[in-house]
1. How about segment 46-98: which trypsin sites (Lys or Arg not before Pro) there lie in a loop by DSSP and see at most 14 other Cβ atoms within 10 Å?
2. How much length would be gained if the chain were fully extended between residue 29 and residue 72, taking 0.36 nm per residue of separation minus their Cα-Cα distance, in nm to one decimal?
3. Within segment 4-96, how many lysine pairs that are 8 or more places apart, or on different chains, have C-alpha atoms less than 19 Å apart?
4. One-quarter of the Cα convex hull surface for the chain, in nm²?
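Taken together, the values in this text are just the output of simple stated rules run on the coordinates, not laboratory data. Keep in mind the model is a prediction, meaning the values are calculated, not measured. All Cβ positions, even for glycine, are placed from backbone atoms using ideal geometry, and neighbour counts span all protein chains on display.
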Amino acid sequence: MPKIGDLPPKLDAKPGVSLVCTFDTSSDVGQIHGERGTTYSFPVVLDDGTKALLNGGERLLTAMRMAIGNATGTFRLKVTPSGAKGTLAREWNVEKVA
């Protein structure tokens, strides 16, 4: 059973604000099934070494797949949401960075 300090915080991605993180394709991606669809939880590591969870729906999953493709390994990603969280206006742009 994890302790409270072992649980990574959930990132609050603001529209138009990019964040750079590292994602390892061998990590387990969480799935939370709800009335409004499935939410995916990607474990990431921020540039300062902080572990966190990046949560979003099908659009985030699609953006992650488009950025990474079928590649495996660890990738630095720039993630930029647009539109209000929890609405149909929410979109995600995910790109690999060096």
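1. Numbers: sites: 51, 59, 65, 76, 78, 85, 90, 96; in loops: 85, 90.
Sparse-neighbourhood loop trypsin sites (Lys or Arg not before Pro): 85.
2. 14.1 nm
3. Taking segment 4-96 as the scope, the lysine pair count is 9.
4. Numbers: hull surface 27.5 nm².
Averaging across all directions leaves 6.9 nm² for the Cα convex hull.
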